Protein chains: 2
Amino acid sequence: MARSRGSTAQAATMTMLALLAVARRASSFALMGGSARQMQIRGAVARARPAALCMSSTPVQDGQLQAIKDQIAAVGDRIRSLKAESADKSMLQPEVEALLSLKAQYQTLTGEPFDPPKAGAKKPQAKQQQQKGGKQGQVKGQESDKITPRNQDYSQWYLDVISAAELVDSSPVKGCMVIRPWGMAVWDALRNDLDARIKDKGVSNAYFPLFIPRSFLSKEAEHVEGFAKECAVVTHHRLCADPNGGGLVPDPEAKLEEPLVVRPTSETIIWHMFGKWISSHRDLPMKINQWANVVRWEMRTRPFLRSAEFLWQEGHTAHATREDALKCAREMLDMYADSVKDMLALPVVKGTKSPMERFAGAEETFTIEGMMQNGWALQSGTSHFLGQNFARAFDVYFQTKNEDRELVWATSWGVSTRLMGALVMTHSDDAGLRQQLPPAVAPHQVVIVPITKGQGEDTDLVNSFVDTAVAQLKAQGIRVKVDDRDHLRPGAKYFEWERKGVPLRLEVGARDAKGKVLTLARRTGGDKTPIPLDDSFAEAIQQELQGVHELLWKEGEDHMASGDKDRTGFYLVPWCCDASREKEIQEDSKATIRCYPLDLNEAKAYEGKTCFYSGEPATHMALFARAF
Amino acid sequence: MARSRGSTAQAATMTMLALLAVARRASSFALMGGSARQMQIRGAVARARPAALCMSSTPVQDGQLQAIKDQIAAVGDRIRSLKAESADKSMLQPEVEALLSLKAQYQTLTGEPFDPPKAGAKKPQAKQQQQKGGKQGQVKGQESDKITPRNQDYSQWYLDVISAAELVDSSPVKGCMVIRPWGMAVWDALRNDLDARIKDKGVSNAYFPLFIPRSFLSKEAEHVEGFAKECAVVTHHRLCADPNGGGLVPDPEAKLEEPLVVRPTSETIIWHMFGKWISSHRDLPMKINQWANVVRWEMRTRPFLRSAEFLWQEGHTAHATREDALKCAREMLDMYADSVKDMLALPVVKGTKSPMERFAGAEETFTIEGMMQNGWALQSGTSHFLGQNFARAFDVYFQTKNEDRELVWATSWGVSTRLMGALVMTHSDDAGLRQQLPPAVAPHQVVIVPITKGQGEDTDLVNSFVDTAVAQLKAQGIRVKVDDRDHLRPGAKYFEWERKGVPLRLEVGARDAKGKVLTLARRTGGDKTPIPLDDSFAEAIQQELQGVHELLWKEGEDHMASGDKDRTGFYLVPWCCDASREKEIQEDSKATIRCYPLDLNEAKAYEGKTCFYSGEPATHMALFARAF
């Protein structure tokens, strides 16, 4: 996919190659250096915007376009012929999705929709087709049916997808979200996994007050800068009737002596308590975790990604030595990367933050960065080495084995419901209707749809056959749901569960039950397959689930490693660490250093290279991208 | 234990008999009626105060006192003889506790400590003995060692016990508590059990905003009365530097247009969302649960029992009919009673609230009431039938099968960290040092203490023997902790785990390992027992845990059913429902109607009786007590 953009394009290609190495953890990777200064990241990172924004800026080769047009024609033929045969929706759907994907590629390359008049008419038609395939009358949540195509408006697409899947809803409180049952079940599954991993590291759960005294925020100088600015401030403890008749107002007589802040994070109050609990080296390490809600008054909010209130866990540890604390901060980063891999099939780059992006009060911030489909990075979890800053601010000393008195060393680390946003933006695709849930967090991993007509012998047979299948799946620990609602036709049920991303669907009609098979449809597409209900049934389904997970992981990794180059906005460059230059680049291009990738920097891949921006000797390999 | 107090004492005895019936759910119980008006509950309930407060107000018979004195002498002899034999602490402890309990009984009856000069010297000595028995040098948390005797100051005893067990700590935010790891592990165990039971009822978890718009609180008329009064009011979204140099102050430019209230409960915001989600009978029932923190600005707070912030679950359901909603509210009450029985070994009385004590906005409030050791009641969980009040306030209609438009019917129900207080006040005893954790919620169900001296063959043998035992226990799903800290002697470890209420302790020395046995000590007392490490080892320990649970349950039930009459402040009387009379009684005696017990009232046990207070025909059987 060589494109004639001269040295800038080459630079982009080269950085992409470097990124490939990052993703594959090839720590021996040797970055192409040399004319780095000419790379002019200003231009390169400026393109790191949603595809929609840079659609018309890229000249493309005619041959490439023609190939896409040919493919579109071929898929179109197949769809027409399937329709002529009245094929089942599940046969049609992969073709329709392929068509939409090809058209999206066309639009990305040319900046124009493919065959606009037709496309305008066809997309809704394709949707109607899917609904019609289901033959349902009234689909619940029909109004949320309109999912904006990704290329048209990425931001709106995201909102449509999370709403259609009933993950989240907007609330009457500005910037605060309602997490609906389907979203909550995903978060609970992730929470349970993380909770077990955290406990495995010798960490105990505890709970600290929601409110932080105002004065606490001022204790750690950088921390106050970072968090005192936008927060919810509690000033009164009572409402009373407005004497002017305007309803309830804060009671002037119930004004707090010292305002309280709703926690934006709990370092300060936890370090106050650590001061009470820690006196000897025998009390160390002290490792505490809290599952909690926190509030940061954001002006521009998006559900999961950036909301005024969100749910998270925050770990806080105290150690006797700098080394122990650093080691703990690193371990937790690895734990996060493992959990998001196993639970969410989410590939990430591990790295450290540049000084500008560091947590307020930290000496080092470790991060996992995911690459979303629009080429933006999403900071998905952080682990901070806090040095002795909080111990100093809160006067937390311990007696060493030699009876000396020393300040303790600290870490903190957290992941939040933001991971739900990463999930959606990693495993949902162009057609908009498709949304994948990795099996590990899917509230239902398997949905069984019995296909019966009224009451009778056949219906009894199907139901008892389904009961047997359910029992076997449950015994295997598989989360299975039987959708036996009698006011919806099977097609409407398929449609609903597909939007919600249930990985596997099993259909059972009378003929299936008699033949002792179930018909398996995978959310990831492909042909339906008969699965016999024998001793290995549950095991076979377990393997199918594992297969879905691996496929999602591979897709995510491929996207990050090579992916669609037009969308990938990650730029890896040799860099000479300087906050003012980073600020300059951000102002020009909106891109920031997402991280210094750990493997490349530990291997000193920057050595002998010059900073692409300043020409000075490089001190880091830096990954630039725009961020959510 | 007849006492010469005339008709008032008789009334108390009669109501105690009635309570016995309640606790045993003898719905056919026939209450003694007749001269009910003379019963004068004003006097009776005035005595329903902590024993310490009414100690000197009760004349007692000499014979009764002499019996206690004799018992004290006998136990004292046994203790002296055990000490002379240098008996192990675990042998001494039950005797010491019996002695303290007898002395407490003496003090309750007479209002004077038993043998004051000696007692003053002996109690600390008894404590020292226990510590000395452990032979530890420096006990961690030694400063919290001083547990105030229960009879001296019940309130302080409670604070001392929860602090010594490291369940909770005070925080720098007035009225807010810090739940320490030991307390959090108990709460997490209870939470996990309840979460599974709630899901079994077809309820899904979700999450709603922390903040409630002020205007929402005004929508349901009674609700605003109940909750708008004392709450945390957020008025600003930013702090800024005080222009007068006074640190950080709420930024006048960041004043919210509408103040927000930190949720005291979430009915209003959830019913706003139900309005978006419910349109048809097919959407019903809708059953939602939320695990969350809530804030109620209490003036007088006590950890767990009444704190400004606490953790809870709140369930909210919507139904098509009144009957469905009422049935759901009842089911949830039963679920709570089952969970606190199975997890906390906590006996409760199930009942309905009088109008005065009903939840703000409810038509009926169901409650489980526990009886604490000081004779006060603790409301331990509630389930509300909300009628159509919230549906009306938030305009939530649904289309019926007949295409009519009707308001939905509602319930809400919750339990909170208050149950932790119930746990402490049900299973902790007079000696102050003893605190029981029911095995189902004990963070460690079994602690193994290896008894080794330095390194060597014997130590290796003990350690490998312990490893085998641990593997077997873990395979059985038992939560086991090996306490191999090398800076503490075994006795210090015993002391620490006893204070924390670990149900079982296993000691392993070299001789034990060679003989392939472990020595079992039960937190509930009694002789130590050797337990062989064979195929049935884990099963034997499981049975021991079950035995501890049953013993705790039985003790709790006995206390509630008959117990120590001087401490039991529950009074069951025929009653003619009238809020103004209830108010009068409360003002006189501080006692309120804790509930109308379900079984007696369903059996109409009040029929044919007259209200003990007004003499009018009774409408309910009412349980009066003072409440936390």
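The values are calculated or read from the model by the stated rules, or taken from the named source; none is laboratory data. Predicted model only: the values in this text are computed from it and were never measured. In this analysis, Cβ positions are derived from the backbone assuming ideal geometry, glycine residues included, and neighbour counts consider all displayed protein chains. Protein only, heavy atoms only, side chains kept; ligands, DNA and RNA dropped before computing areas. Shrake-Rupley method; radii C 1.70, N 1.55, O 1.52, S 1.80 Å.
Note on B:ARG306 and A:LYS201: their simple-model spin labels are 4.1 nm apart, each label 7 Å out from Cα toward Cβ.
Stretching A:ASP527 away from A:ARG392 to a fully extended chain increases their span by 42.3 nm, per 0.36 nm per residue minus the current alpha-carbon distance. With θ taken as phi - 60° and the Karplus curve 6.51 cos²θ - 1.76 cosθ + 1.60 applied, the whole-hertz 3J(HN,Hα) list for the stretch A:317-333 is 10, 10, 9, 7, 10, 4, 4, 4, 5, 4, 4, 4, 4, 5, 4, 5, 4 Hz, x standing for glycine and proline. Mind running the shape call on the stretch B:234-360? Use the C-alpha gyration tensor, a ≥ b ≥ c as the square roots of the eigenvalues: rounded below 1.5 for a/c, prolate if a/b tops b/c, oblate otherwise. It is oblate, given that a/c is not under 1.5 and a/b is not larger than b/c.
Only aspartates and glutamates eight or more places from A:LYS219 in sequence, or on another chain, were considered; those with a Cα closer than 14 Å are A:GLU267, A:ASP395. Applying 1/(1 + (r/R0)^6) with r as the Cβ-Cβ distance of A:GLU323 and B:ALA603 and R0 = 56 angstrom yields a FRET efficiency of 0.20. Taking amide H as placed 1.01 Å from N in the peptide plane, B:VAL348 has no amide H partner under 5 Å among residues 5 or more places away or on another chain. Here the stretch B:382-477 exposes an accessible surface that is 41 percent carbon and sulfur, computed with a 1.4 Å probe and the other protein chains kept in place. Once the Cα-Cα distance is subtracted from the 0.36 nm per residue extended length, the A:GLU222 to A:ARG78 segment shows a gain of 45.7 nm. Between this copy and the others, label points of A:GLN455 are 7.8 nm apart in ascending order, each placed 7 angstrom from Cα in the Cβ direction.
The string of couplings for the stretch B:586-592 from the Karplus curve (6.51, -1.76, 1.60, θ = phi - 60°) is 4, 5, 6, 10, 6, 8, 10 Hz, one whole number per residue in order, with x for Gly and Pro. Just to be sure I understand the model, the point goes 7 Å from the Cα along the line to the Cβ. What's the resulting A:ALA241 to B:CYS240 distance in nm? Between A:ALA241 and B:CYS240, the simple spin-label model gives 3.6 nm. When the listed pairs A:LYS174/B:LYS287; A:LYS201/B:LYS174; A:LYS353/A:LYS604; B:LYS287/B:LYS604 are checked against a 22 Å cut-off, the alpha-carbon distance exceeds it for A:LYS174/B:LYS287; A:LYS201/B:LYS174; B:LYS287/B:LYS604. For A:SER614 and A:GLN152, a Förster radius of 41 Å and the Cβ-Cβ distance give a FRET efficiency of 0.55, rounded to the nearest 0.05. Backbone geometry of the stretch B:361-370 corresponds, through the Karplus equation with coefficients 6.51, -1.76 and 1.60 at θ = phi - 60°, to 3J(HN,Hα) couplings of x, 9, 8, 8, 10, 8, 9, 10, 10, x Hz, x marking Gly and Pro.
Computed extension length for A:GLU403-A:LYS514: 32.1 nm, one decimal, from 0.36 nm per residue of separation with the Cα-Cα distance subtracted.
Heavy-atom accessible area for B:ARG78, with the other protein chains in place and a 1.4 Å probe, reaches approximately 110 Å². For the chain pair A and B, buried accessible area totals roughly 5400 Å², probe 1.4 Å, rounded to the nearest 100.
Considering only Cα-Cα distances, which of the following residue pairs are longer than 18 Å: A:LYS474/B:LYS199; A:LYS474/B:LYS474; A:LYS69/A:LYS103?
Numbers: A:LYS474/B:LYS199 16 Å; A:LYS474/B:LYS474 23 Å; A:LYS69/A:LYS103 8 Å.
The pairs that break the limit, which is 18 Å between Cα atoms, are A:LYS474/B:LYS474.
Across identical copies of the chain, A:ASP467 has label-point separations of 4.9 nm, listed in ascending order, with the point defined 7 angstrom from Cα along Cα→Cβ. When the pairs B:LYS83/B:LYS146; A:LYS453/B:LYS276; A:LYS327/B:LYS481 are compared against a 29 Å limit on Cα-Cα distance, A:LYS453/B:LYS276 fall above it. Hey, how many Å between the Cα centroid of the stretch B:563-626 and the Cα centroid of the stretch B:142-198? Spelled out, the Cα-based centre of one part sits 32 Å from the other. Remark: label point of A:GLU602 defined 7 Å out from Cα along the Cα-Cβ vector; separations to the same position in other copies 6.3 nm, ascending. What the Cβ-Cβ distance of A:ASP588 and A:SER215 gives, at R0 = 45 Å and to the nearest 0.05, is a FRET efficiency of 0.70.
Both radii come from the Cα set of the stretch A:182-427: Rg as radius of gyration, Rh as Kirkwood radius; their ratio Rg/Rh reads 1.01.
Can you sort B:TYR397, B:TYR613 by 1.4 Å-probe accessible area, starting with the largest? Please report the intermediate quantities before stating the final value.
Numbers: B:TYR397 75, B:TYR613 35 Å².
From most exposed to least exposed: B:TYR397, B:TYR613.
When the surface is traced with a 1.4 Å probe over the full set of protein chains, A:ASP242 keeps roughly 40 Å² accessible.
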